[in-house]
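What follows is calculated from the coordinates using simple rules that are stated; it is not laboratory data. A quick note: this is a predicted structure, and the numbers were derived from the prediction, not measured. Every residue, glycine as well, gets a Cβ built from its backbone with ideal geometry; the counts of neighbours run over all protein chains shown.
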Amino acid sequence: MANIAKMRNIGISAHIDSGKTTLSERILYYCKKIHAIHEVKGKDGVGATMDSMELERERGITIASAATNVSWKDYEINLIDTPGHVDFTIEVERALRVLDGAILVLCSVGGVQSQSITVDRQLKRYKVPRLAFVNKCDRSGANPFRVKEQLREKLGHNAVMIQIPIGLEDKLEGVVDLVSMKAIYFDGKGGEELREAEIPADLQAKAQEMREELMDAVSMYSDELAEAYLEGKETVAQIKDAIRKGTLSLDLTPVLVGSAYKNKGIQPLLDAVMDYLPNPSDISYEAHDMNNNDGLFPVKADDSLPLIALAFKLEDGQYGQLTYIRVYQGSLKKGSEIYNSRSGKRFKVGRLIRMHSSSMEDITEARCGDIVALFGIDCASGDTFCDTSLNVSMTTMYVPEPVISLAIKPKDKKSEDNLSKALNRFIKEDPTFKTFVDPESNETIIRGMGELHLDIYIERMRREYKVDLETGMPQVAYRETITQAARFDYTHKKQTGGAGQYGRVAGIMEPNTGSDYQFVDMIKGGVIPNEYIPSCDKGFKACLSKGRLIGFPIVGVKITIDDGNYHTVDSSDIAFQQAAIGGFWMAYEKAKPEILEPIMKVSIEGPVEFQGNILGSINQRRGVIISTTEESNFTRVDSEVPLSEMFGYSTVLRSLTQGKAEFTMEFLRYGKVPASIAEQLKKEFQEKKNQTQKGK
């Protein structure tokens, strides 16, 4: 068995513009994977290695997560660079699902920003141990100590500094390692030459103080260290072991500092990844045994056991589908036969690839813990592949619901054919991108997580598939719900010669905050025979997809049936479905339905002088200001704003703040639409309906 203890599967997560991709670039350089450093939106026009898509390089943002494999000292690292923008959150979700550890990158000026909070929530969801790296310590206003406090206050981390900077802003020279109590400087053009020295005299007291804080925090995880510390005999190995234990138990977040752009602090960060983040055998995973009523099946990181691997990302390219997998147990060989536990299909492994951003390398075997890709396999994202002797399924990832939609229309026949190819590819690759044809307007509708998300896909359709298309106005994913309980009692009766249809259903419809739909059967005495109960449920469910106020899905409804009637000859599955549909609409009218709209959590950051403009723009958009904070000439405004008011906000904000402010937005909850807007929506829906009827 290969040395699994020397393998790390890590990801880099952060708020947009914290320097994730710049950091990845340095890691590739110091691990000798690339021979020159290219900057994100660099003057050389090459762009960062991990941003391989043309659009990524143009816009200077990461859209798709990229995987690569590097070696540091004698360790092997599978590294995934993930997007920072919340619209591409599914890329982060699926990367985190297969990682064992993560580097949470924070800006030393911006600190814990809105997207850092989202990313941290995702890391907690998948129980991923992490290191925090406070980047951009060379920037004006840098304060890594404040960022450490924010990690404690805003994210609830037990954050402890294991390094402090030597100088800050333009005087940043190196870092002090509090474990070895040595100063580290980064010499040479690209900071490749590490020079260890004594801690500068003016930093001795601060280093001692921070070291004591570190020792107090980490002694909790090792009795041996606590004892040695009391006697003043602690060793570097003991401290590292205690930090590792704390990190793996998710109780401790070691904080490192540096500046990726200035090539300072990256090599010690890589050492910390080796020292403190887990190897695949440190984490216990479980799968569901499909042969044993979904009972738990322990997954062991052992090459000699039968294979278990998870497909976490698909890419449909010119050579067929590329499936990224993580091997959790056993090993995978080229030519071996494996089994897809969801589809029940067996297939042979044709080509096995190790990815390096957009380039690839053919390999013959993947070991336990490896992140590799398979060619030409037909499967879905989240499928489990296992040895033919097993039938297990690993838990899949969390997929959020899209909140915004847009109508698109190809301009000619050629574009129409290409559009369908593009849509087929995108929906397969990205579970948060959805599409359907509106049966009434016959328009193709695409749905996604935000304006930028849809914008990128439309641009990709134009560039990669040469689709010439028109786009409509973005449309919000409204919902309908009820506000009070209402009874129904409906009889469906039809006699048209021969066997008729008869079914009576009665009960109560009530608001339900816990779930979108709940069905309760309280029928007594067989007034509705058991075989027709599922028919009633089916009838009610059929009504949920389209409400009668504005034609959007109905959520938050509980239906209890408590009475009914049947006929021995005329009752049937269809008759009870129709009775349920009749009962649903009878009660829906009486239950005072209302319209809900997506409310977004909007966080805006910019210079203090523009605070008035920012607040004004939120108030104009029916927004509610939750908090405003000011720190070193920067202000941050947190607010809740309906999504329908946020279209085109990036342009408005740019003009209001001379392009100096930025905002992030993510879905928070559904909220009630004000009466005047609800009336307008109902009117528009009615007009659209009338037009469709006229057209027919």
Relative contact order in percent for the chain (Cα pairs under 8 Å, 6+ apart) equals 9 percent
Hey, rough spin-label estimate for T692 and Q495, points 7 angstrom out along Cα→Cβ, what's it come to in nanometres?
-> 3.5 nm
Want the number for E531 to E416: 0.36 nm per residue separation, take away the alpha-carbon distance, what's left?
-> 36.8 nm
Percent RCO, i.e. relative contact order, over the range 376-526, from Cα pairs under 8 Å lying at least 6 residues apart = 22 percent
Under a point spin-label approximation (7 Å from Cα along Cα-to-Cβ), what is the N293-S676 distance to one decimal in nm?
-> 5.9 nm
Using Cα positions and a limit of under 16 Å, work out the aspartates and glutamates in reach of K411, with same-chain residues fewer than 8 apart set aside.
-> E443, E459, D468, E470
Separation of the K466 and E365 label points, Cα + 7 Å toward Cβ, nm = 4.6 nm
Once the piece of chain linking L203 and K345 is laid out straight, how much longer is it, given 0.36 nm per residue of separation minus the C-alpha distance between them?
-> 44.8 nm
Lys and Arg at +1, Asp and Glu at -1: add these up for the other residues within a Cβ distance under 15 Å of G188 and post the number.
-> +1
Structure-derived semi-axes √(5λ) of the Cα gyration tensor in Å: which label, when the choices are [x] 50, 31, 26; [y] 56, 35, 21; [z] 42, 30, 23 = [x]
For a label point 7 Å along the Cα-to-beta-carbon line of K124, residues of the range 247-277 with backbone N under 18 Å | 247-254
Among K313/K345; K124/K206; K73/K148, which pairs are too far apart, with a Cα-Cα distance over 24 Å?
-> K124/K206; K73/K148
Formal net charge of residues neighbouring C368 (Cβ-Cβ distance under 9 Å; K, R +1; D, E -1) | -1
Beta bridges per DSSP with both ends in the range 96-219, % antiparallel, nearest 5 = 70 percent
Give, in nm to one decimal, the length gained when the segment between E193 and A407 is fully stretched (0.36 nm per residue of separation minus the Cα-Cα distance).
-> 71.5 nm
Once Rh for the range 526-599 is found with the Kirkwood sum over Cα pairs, what is the Stokes-Einstein diffusion coefficient at 10 °C and 1.306 mPa s, in µm²/s?
-> 118 µm²/s
Among DSSP beta bridges whose residues both lie in the range 504-574, state the antiparallel percentage, nearest 5.
-> 60 percent
Give, as a single signed number, the net charge of other residues whose beta carbon lies under 15 Å from the beta carbon of L277, with Lys and Arg counted +1 and Asp and Glu -1.
-> +1
Dipole magnitude of the chain about its Cα centre, charges +1 at Lys/Arg Cβ and -1 at Asp/Glu Cβ only, in debye to the nearest 20?
-> 2120 debye
